[in-house]
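These notes are about the structure you will find just below.
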Amino acid sequence: MSGPGRIERRFAALKAEGRGALVTFVTAGYPDHETSRLLLAGLPGAGADIVELGMPFSDPMADGPSIQKASLRALAAGASLKRTLELARAFRDSDADTPLVLMGYFNPIYSYGAEGFVRNAAAAGVDGMIVVDLPPEEDDELRPAAEAAGLSFVRLATPTSDAGRLPTILRSASGFIYYVSILGITGTRSAGEDTVRDAVARLRAGTDLPLVVGFGIKTPEQAGAISRIADGAVIGSAIVDRITVGLDANGRPNASMVPDVLGFVSELADGVRGRG
């Protein structure tokens with residue numbers, strides 16, 4: 001049950017239910033390895049349909065302050081790509097069905113060794129990857145090996161992906177398309193529904209892959225609205241912020257932090273399911 005089949009099955013099941021996906025993002029190793037493991041394990045039960053696991057990196061240029069700080073704090077607490085894959089394996093050991101996608105930057109993968117990373121990610125039960133800074137023209141070191149191992153190579157499309165550029169992006173994508181709904185970094189402003197609707201229509205004309213929308217979605221109401229326009233809504237910074245709120249002055253999680261974060265994810269899930 002590895003590779004794109006798990007992603008395809010999840011979107012097919014959601015389509016049969018008549019709703020979009022709740023896609024949740026957390027940073028691996030934030031605030032620490034064990035708490036990160038507990039959060040990951042609890043996300044599906046809280047209502048996450050797909051989980052994105054951020055690979056900590058020292059220079060996450062596309063991420064806003066919340067995820068930047070989480071990434072740096074995770075690294076300071078001992079996070080690494082090896083330990084990220086350990087978290088992925090632990091997640092898969094407890095959940096055979098929920099798609100798991102790694103998201104991050106190419107530098108740590110390059111340092112790890114691209115072929116070894118792909119091999120170990122597939123063995124850990126990862127279903128796909130989003131490599132933010134690896135455009136189609138420069139992905140020969142990773143994408144072919146990933147696809148050969150059964151890993152989806154999810155592409156980002158943005159408001160500046162015009163008619164000349166978009167076919168190149170869509171042609172080399174698999175799993176789903178992640179539409180970045182705003183220009184700039186994560187966790188800042190939100191795009192209007194009409195703008196997202198127009199962008200989704202433009203993307204649907206060029207691909208049959210599911211479309212999820214992220215950047216700036218913070219509330220159950222926003223998640224519900226976007227998931228009814230696209231095939232899913234991605235929430236990252238708002239979840240990372242909830243983790244941060246649950247830390248004491250020394251960066252340690254308080255006793256209620258994990259249930260509080262998972263409770264927020266349940267609220268997001270209610271929004272996507274129309275129960276909010």
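Quick note: the coordinates plus some simple rules give every number you see, no bench work behind them. These numbers were taken from a predicted model, which means no experiment stands behind them. A quick note on method: Cβ atoms are made from the backbone with ideal geometry, for glycine too, and the neighbour counts reach across all protein chains shown.
Counted as membrane-span-like here are DSSP H helices of the chain whose alpha-carbon atoms extend 18 Å or more along the helix's own axis and whose Kyte-Doolittle mean is 0.5 or above; these are 257-272. The order of ARG202, ARG171, ARG155, going from fewest to most other C-beta atoms within 10 Å of their C-beta, is ARG171, ARG202, ARG155.
Positive-end ranking of VAL234, VAL261, ILE67 along the dipole of region 4-272, with charges on Cβ about the Cα centre, is headed by VAL261.
For region 194-263, a simple Cβ point-charge model (Lys and Arg +1, Asp and Glu -1, everything else neutral) yields a dipole of about 60 debye relative to the Cα centre. If the segment from ARG89 to ALA12 were pulled out straight at 0.36 nm per residue, it would be longer than the present Cα-Cα gap by 25.3 nm. The alpha-carbon of LYS15 sits under 30 angstrom from the alpha-carbons of these lysines, leaving out residues fewer than 8 places away in its chain: LYS218.
Compared with the alpha-carbon gap, the fully stretched path from ARG165 to SER58 is longer by 35.6 nm at 0.36 nm per residue.
Divided by 2.2 N^0.38 Å, where N counts the residues, the Cα radius of gyration of region 4-272 comes to 0.92.
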